[in-house]
Each structure stands twice: as C-alpha cells, then as structure tokens.
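Please treat every number below as a calculation from the coordinates, not as lab data. Keep in mind that what you see is a predicted model, and the values were worked out from it rather than measured. Glycine also receives a Cβ, built like all others from the backbone with ideal geometry; neighbour counts cover every protein chain displayed.
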Amino acid sequence: MTQNNKHFYKSVFALVIPMALQNLIDVAITSADVLMLGNVSEAALSASSLAGQVWFVLSLIIFGTSSGASILTAQYWGKKDTVTIERVIGLALRFLLVISFLFTVVVLLFPANVMRLFTTEADVISEGVKYLRIVVWTYIPLTISLLYLNIMRSVEKVKISMLIHLVGFFVNVILNSILIFGLLGFEPMGIVGAALATAIARMVQFVIAIVYSLLPKTIIHFRPKYLFTKSGILLKDFLKYSLPVTFNELMWSLAVAMNTSIIGHLGKAAVSANSVAQTTRQLAMVVGLGISNATAVMLGKTIGEGKMDEARQNSKRFIRLSLTFGVLGACIILCVIPIAPYILNLSAEALEYLRTMLIVMSYFCIAQCVNTTLVVGVFRSGGDARIGVIIDMCSMWGITIPCAALAAFVFHWDVRIVYAILMADEIIKLLPIFLRYRTYKWLKNVTRDFS
C-alpha cells in the first residue's frame, strides 16, 4: 500500500468509525424498542413501528436539508470559511423550523388519521395514537439539534455527534426498561413507556447539543441571529443545492412510508416481520452509511481546496469500500435468519415472512450501500443534487410502488412477493447511477469568495 493510500484510509476511518458508531447507536435504540415491545404484544410493536414513520419522514427531510447544506459547508470548510458555514446553518434552520412545526400541528390535531395512513387495525391505531401524542413534542427541538450535528459532521467534527447519540441511547434504553416493564416500583406502561423514554432521550440530546454549540472553543457555533439576516447570493446557492436534495429525501421518505403503508395493510404479521427486517438492515448498513457520509465530507473538502484530480481518484476508492462493506452487511443479515425465532416473540406466520424478507434484504443491502455512497457521497459533494431526484422518482414512484400496489391489492399475491417487488428499487437504480458517475459532471467547485 502506498503512502497516499495509507493517508487516505487513515483519514476515511477517522470519520467512518465515529459515524458508523453513531449509526449503530441509532439502530440499537430502535432495536431496543423492537425487542422490548416485541415482548409486550404484536400490536404494540406494530404501532411503535408505524407511528415512527412520521418521525422517519421528518428526519429524512432534516437529513436532506442538512445534506444539501453540507454541499456548501463541506466545500467552505475546505476554504476555512467558518462564518459562511454558520450563515448556511441559519438558512437551513429557517426552512426546517417551518416544516417541523407543520408536522407537530398535524400530529397533535389528527393522530388517529395519521395512523390510518399506515394501517386499518383498530388496536394498532389506538396504541399508535398513545405513542404519537407524547413523541410529537420532540419534533422541533430535535430538528434543531440534528441539523447542527449534521453540519458539524460535514466539517469533520464527528465525535461530538457520536457522544450525544450515545448519551441518548443509554437514557432511552434505561428508561425503556423501567417504564415499559414497570421496574423500580413503576407501573408497567407498555407503549406509553416507550414513548416517554424516547421523548426524554431526545430532549437530553437537544440540551447537550445546544450547550456544546455555545462553548467558546467550538469551531462552528449555532447563532440565532443568522435566522433573520439577509443572505443574498448565499440564499440562492443554498436553494439551488439544498432544495433538490431535500425534495429527493422527501420523495424517498414518502416512498418508504408508502412501502410501509402497503405492508401495513397486509396484516400485523407482515408489519412485525418488516419491523425486524428493517431494523436488521439498518444494523447491517451502519458502516456503509458511515462511508457515504465520509465520502461527502472528504470529497467536498477536497473539491473546495481545488484538488480535482485527487477527488476523482478518491471517489473510486470510496466505491470499492462501499461494495466491500455492502457484502459484509449482507452476511450479517443472513446470519439473523437462524437466530430470529429464539430472540423474538413472533407468530409462526410472522417468522416465515421474516425469513424471506431477510433474504431480500441481503442483496438489497449491497446495492443500497453502493448507491448511497454515489448519490449521497460522491454526487452531492460536487453539487450534483438533481440526479438523485430523477432516479428515485423513476425507480420507486414509477416502478416498484405501483407494481407492488397492484400485486397486493389487485392480484392479491403473497406478502413475500409483494415485499420483493417493493425492495427492488435499489437494484433498478444501480445502472443509471453508475453511468452518471462515469460522466464526472458531479465534479464542481460551488464556493464563492465572501471575504
């Protein structure tokens, strides 16, 4: 291995390891809910999974907006322009506060209607409403902290985000154990306990993030004044690069929510199996997602420094890494199949569905790892924000969702066939994404000199 390669991989894993650990922590929180509520009832497990889709959609809008903002912040980090980075945070937060407020109002006023988007099971809807009425109060605070921490990752400050998520994990799991099952003299609260634990953990994360942003030694600060200052041409740049990415994540998250809705109308067994399959996929993807995020940071910084040849060479290295860890993720998923019956209290029907879903997830994981590294990491690092929208709209909304809906509700095919159709989008996307990469149209410096 050459000295350049050693330096590259050292820099990559200095970013990937904390990012992967953060992803693992987030999955561990979800896994704890799945395992604990899975021992309460299938209705509670299904309800928390479906109610969580609301936050899932909002979190992906936050991720999309911060990813779009990171196109600018990573490149301005290459120029060491921290003032412009703080101004970009203010611009992004203007947009996200409006969105999170709308989500909060809708869920507060119409929780049952929101649950009916995902299921017709009366007991699942009832349990889901209990969950939503508690966690809804965390939407706005968590929006602020997640945006700030995502931007901090784009400037290579990844450890603080990991540590904050780790604190949230311990708070969540400890309170889950106490409140769901009634430990230490508390009454067992079931799904209400899970919601309270989640809400308290999120508020703890919010407080720590705000305190950290106010410390004098912090490189990038959260400055409320930038919420209200005029931004001129920076606003145009932000809209140019952030809106397509945000729209991409919104349409992708709505497509995933639509997938969940289709499965939700196929019965509790299908919903429970899908909850476990999705959690397993998230676990298998922790390193792959870390690689995609590290790709965006490192390539964005390199492009901002004007090192185009180095960025091109590094992009190839990131693709090889994503394929390697995609295969490893697939192996992890397949290893879950024989142990699932011993650790989950699921019906025989749900376990049979789960077996097929995990097999589908194994090859889905490989394709998603490569696609995410290219779209979220490589393309966005150079400002190529629109291509992801086009490919997702065609593959998910144009092919897999309508085909799966027909299979489920018109032809009444087996749940496992419907699931395989829904999960085919990442395979479909591989070829057009790779062809776009080969054009190198994504390789652009989008910074300006504001000095």
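In region 202-255, the convex hull through the Cα atoms has an average projected area of 5.7 nm², a quarter of its surface area. The angle between the Cα long axis of helix 233-264 and the longest principal axis of the Cα atoms of the chain comes to about 20 degrees, rounded to the nearest 10. Simple spin-label estimate for Leu431 and Phe170 gives 5.1 nm between the two label positions (7 Å along the Cα-to-Cβ direction from each Cα).
Just need the relative contact order of region 247-347 here, percent rounded to a whole number, with Cα pairs under 8 Å and 6+ apart. With pairs under 8 Å counted, the relative contact order is 32 percent. Three principal axis extents describe the C-alpha atoms of region 109-234; from largest down they are 51, 36, 21 Å. Sorted largest first, the principal axis extents computed over the alpha-carbon atoms of region 26-172 equal 55, 30, 19 Å. Rounded to the nearest 0.05, the FRET efficiency derived from the C-beta distance between Asp309 and Ala14 at R0 = 25 Å is 0.65.
Residue separation of Leu239 and Val327 scaled by 0.36 nm, minus their Cα-Cα distance, works out to 28.1 nm of gained length. Which shape class applies to region 277-394: rounded if a/c is under 1.5, otherwise prolate when a/b exceeds b/c and oblate if not, where a ≥ b ≥ c are the square roots of the Cα gyration tensor eigenvalues? Taking the square roots of the gyration eigenvalues as a ≥ b ≥ c, region 277-394 is prolate.
Along region 140-149 the Karplus relation, 6.51 cos²θ - 1.76 cosθ + 1.60 evaluated at θ = phi - 60°, assigns HN-Hα couplings of 5, x, 5, 4, 5, 5, 5, 4, 4, 5 Hz to successive residues, with x for each Gly and Pro.
Each residue of region 157-169 was assigned a 3J(HN,Hα) from its phi angle through the Karplus expression (A = 6.51, B = -1.76, C = 1.60, θ = phi - 60°), giving 9, 9, 5, 5, 5, 4, 5, 5, 5, 5, 4, x, 4 Hz with x at Gly and Pro. Taking the empirical scaling 2.2 N^0.38 Å for compact globular proteins as reference, the chain has a Cα radius of gyration ratio of 0.95. What the pair-distance distribution of region 278-340 shows, using all Cα-Cα distances binned every 5 Å from zero, is 4, 18, 23, 17, 13, 10, 7, 5, 2, 1, 0 percent. Length gained on full extension, Tyr363 to Leu163, computed as 0.36 nm times the residue gap minus the Cα-Cα distance: 68.8 nm. Residue pairs exceeding 32 angstrom between C-alpha atoms, taken from Lys79/Lys441; Lys159/Lys225; Lys217/Lys441; Lys6/Lys441: Lys217/Lys441. Considering Cα pairs under 8 angstrom that are at least six residues apart, work out the relative contact order of the chain and quote it in whole percent. The value is 23 percent. Extension gain, Thr120 to Asn345, is 78.7 nm, computed as 0.36 nm per intervening residue step minus the present C-alpha separation.
Each helix, a run of at least 4 DSSP H residues, gives -39500 (n - 2.57); summed and divided by the residues of the chain, these come to -26000 deg cm²/dmol at 222 nm. The calculated FRET efficiency for the pair Thr439 and Leu334, based on their C-beta separation and a Förster distance of 35 Å, comes to about 0.50. Each part reduced to its alpha carbon centroid, region 393-451 and region 178-242 end up 30 Å apart.
Taking square-rooted eigenvalues a ≥ b ≥ c of the alpha carbon gyration tensor, is region 166-208 rounded, prolate or oblate, where a/c under 1.5 means rounded and, failing that, a/b exceeding b/c means prolate?
prolate
Couplings for region 73-81, taken from phi via the Karplus curve 6.51 cos²θ - 1.76 cosθ + 1.60 with θ = phi - 60°, read 5, 5, 6, 5, 5, x, 8, 6, 9 Hz in order; Gly and Pro are left as x. A Förster distance of 51 Å, applied to the separation of the beta-carbon atoms of Phe181 and Val83, puts the FRET efficiency at 0.55.
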